[in-house]
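All of the numbers you see were taken from the coordinates with simple rules; none came from a lab. This one's a predicted model, so the numbers in the text were calculated from it and none came from an experiment. Neighbour counts run over all protein chains shown; Cβ positions are idealised from the backbone, glycine included.
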Amino acid sequence: MAVYPTSKVHRISRRRLSRGQYPPIAPLALALTAAAETITFTSTVPLVVSGIVPVTLSAGGPVLSQAIVSPYTFTQTYTSSVAAATYSLAPNAPNVRSAQGGVTAGESGTF
């Protein structure tokens, strides 16, 4: 009886990650815009916000409120104007994450 070469029956999936590997998660980039006493945070991926997001401002008082507008946007309202202020958001802010678990990238600039 002749034995012919056949294809391997139990193939390993080439699309599967091997043991100890995880899919890469990109850092979360936020775009900040200001108008009067309100700062709007916008992202391209859905956000998970748990508490007040710490933003360092050169002007403006303490945070009055924070509201989630949509899965991609939330706002913070301050006691005084933040329209011409400089801002800084620390990297890896503990209160905001992407839906996949990505952390924030550092952001800074002027409104």
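Things worth noting here:
- The chain, relative contact order [Cα under 8 Å, separation at least 6], %: 29 percent
- Overall dimensions of the chain, expressed as equivalent-ellipsoid semi-axes from the Cα gyration tensor (√(5λ), whole Å, largest first), are 48, 12, 11.
- Put simply, the amide H of residue 74, placed in the peptide plane, has neighbours under 5 Å in 41, 69, leaving out anything fewer than 5 places away on its chain.
- Remark: the stretch 74-89, residue by residue, has Karplus-estimated 3J(HN,Hα) of 9, 10, 10, 10, 10, 7, 9, 5, 10, 5, 10, 8, 8, 10, 8, 10 Hz, where x stands for each Gly or Pro and the curve is 6.51 cos²θ - 1.76 cosθ + 1.60 at θ = phi - 60°.
- Length released on extending from residue 37 to residue 59, taking residue separation times 0.36 nm less the Cα-Cα span: 6.9 nm
- Phi-based couplings in Hz for the stretch 14-23 (Karplus 6.51, -1.76, 1.60; Gly and Pro marked x): 7, 8, 7, 6, 6, 4, x, 9, 10, x
- Taking amide H as placed 1.01 Å from N in the peptide plane, residue 88 has its amide H under 5 Å from the amide H of 56, each at least 5 places away in sequence or on another chain.
- Under the Karplus curve 6.51 cos²θ - 1.76 cosθ + 1.60, θ = phi - 60°, whole-Hz ³J(HN,Hα) for the stretch 102-111, x wherever Gly or Pro sits: x, 9, 6, 7, x, 10, 7, x, 10, 6
- Most fluctuating residue given options 62, 94, 46, as computed from a GNM of the chain linking Cα atoms under 10 Å: 62
- With a simple spin-label model that places each label point 7 Å from the Cα along the Cα-to-Cβ direction, the separation between residue 75 and residue 29 comes to 2.5 nm.
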